[in-house]
Amino acid sequence: TANQVSYRTWDGVTWSGASTLSLVTTNAAADRIGLPVWIEMADNPLLTSNDVALLVLGSNAGNSRIYGRRWNGAAWAQLEAGAPTIWDVTVAPSTYKAMDVAYEQQTGRAMFIWGDDVSDSVRYRIWNGATLTAGATIPGLGAMSNVASWIRLIPDPFSDQLMFGV
């Protein structure tokens, strides 16, 4: 359904009933994720954390949007301070999975990454467990000759390094 995803939780024995997470950030049509096309989730590897990061790439009136949330073990919480906003409105077309999310294995920081359609670059944000960085462009990559089509982010299980492929 447009502007929402449905989910269930597992308590180790049974599944919960279906619940819905709204992806509407404001009442303005331009600030809505639209129809979710790609959904990525990653679990925080730290034993002291119940966090699961969620990244959704949606299509709103033919324009791709990107937005993230986190599950804190009990409920969905927003990552940014203040009112939630769509992270980028010039995301690579939703035809391809031009986004991913992964956690660093030692610090438990989450990196959200996606392709930008206007600048032909790859952008990212980092969640450190308390704050979310502003969107930035991958340093040293520069503008690519085309928009990113497929993106993959893989954590090294023995360090905080992440391997990125586009």
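Which residue out of S19, S49, S6 is of a type in the set (G, A, S) and closer than 25 Å to Y124 by Cβ?
Step by step, each of S19, S49, S6 is checked, and only S49 is of a type in the set (G, A, S) and closer than 25 Å to Y124 by Cβ.
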**Study point:** Residue in segment 144-157 that is outside any loop (DSSP other than H, G, I, E, B), over 15 Å from the mean Cα position of the chain (by Cα), at pLDDT 85 or above and not aromatic (F, W, Y) present
**Key:** yes
Practice item. Considering only segment 97-106, state which residues are assigned to a loop (DSSP other than H, G, I, E, B) and either surrounded by 22 or more Cβ atoms within 10 Å (Cβ to Cβ) or of a type in the set (D, E) (or both). Key: A98, E104
Check your understanding: Counting only residues that are out of contact with any Gly (no Cβ under 8 Å at 6 or more places or on another chain), within 14 Å of L79 (Cβ to Cβ) and β-branched (V, I, T), how many does segment 98-148 have?
Key -> 3
Check your understanding: How do the pairs read when you match residues in segment 124-135 that are within 19 Å of D100 (Cβ to Cβ) and in a strand (DSSP E or B) with residues anywhere that are basic (K, R) and open to solvent by 50 Å² or more (accessible area, probe 1.4 Å), using Cβ under 8 Å and keeping only pairs 6 or more apart or on different chains?
Key -> I126/R109; W127/R109
Exercise for review: Hey, can you tell me all the residues within segment 108-159 that are acidic (D, E) and at positive phi?
Suggested key: D120
Check your understanding: Counting only residues that are open to solvent by 60 Å² or more (accessible area, probe 1.4 Å) and either of a type in the set (D, E) or more than 17 Å from the chain's Cα centre (by Cα) (or both), which one in segment 37-49 is nearest to S149 (Cα to Cα)?
Key -> D43
**Study point:** Single residue of segment 59-83 satisfying the filter (in contact with a helix residue (DSSP H, G or I) (Cβ under 9 Å, 6 or more places away or on another chain) and open to solvent by less than 40 Å² (accessible area, probe 1.4 Å)) that is modelled with the lowest pLDDT
**Key:** N60
**Study point:** Residue check for G34: at pLDDT below 90, touching a Ser or Thr at 6+ places or on another chain (Cβ under 8 Å) and surrounded by 15 or more Cβ atoms within 10 Å (Cβ to Cβ)
**Key:** yes
Exercise for review: Determine which member of the set L141, L162 is of a type outside the set (D, E) and touching a residue at least 40 places away in the same chain (Cβ under 8 Å).
Suggested key: L162
Review point. Exactly one of (1) surrounded by 18 or more Cβ atoms within 10 Å (Cβ to Cβ); (2) modelled with pLDDT of 85 or more is unmet by S94. Its number?
Key: (2)
Practice item. Restricting attention to segment 107-123, report how many residues are open to solvent by 30 Å² or more (accessible area, probe 1.4 Å) and at pLDDT below 95. Key: 5
Revision key, fill the gap. A careful count of residues in segment 142-166 that are touching a strand residue (DSSP E or B) at 6+ places or on another chain (Cβ under 6 Å), surrounded by 12 or more Cβ atoms within 10 Å (Cβ to Cβ) and farther than 15 Å from A92 by Cα gives 5
Exercise for review: Only residues that are aliphatic (A, V, I, L, M) and touching a strand residue (DSSP E or B) at 6+ places or on another chain (Cβ under 6 Å): list them for segment 69-88, please.
Suggested key: A77, L79, I86
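The values are calculated or read from the model by the stated rules, or taken from the named source; none is laboratory data. Just so you know, these numbers come straight off a predicted model, no measurement behind them. Glycine also receives a Cβ, built like all others from the backbone with ideal geometry; neighbour counts cover every protein chain displayed. Surface areas here come from the heavy atoms of the whole protein model, side chains and all, with no ligands, DNA or RNA. Shrake-Rupley method; radii C 1.70, N 1.55, O 1.52, S 1.80 Å.
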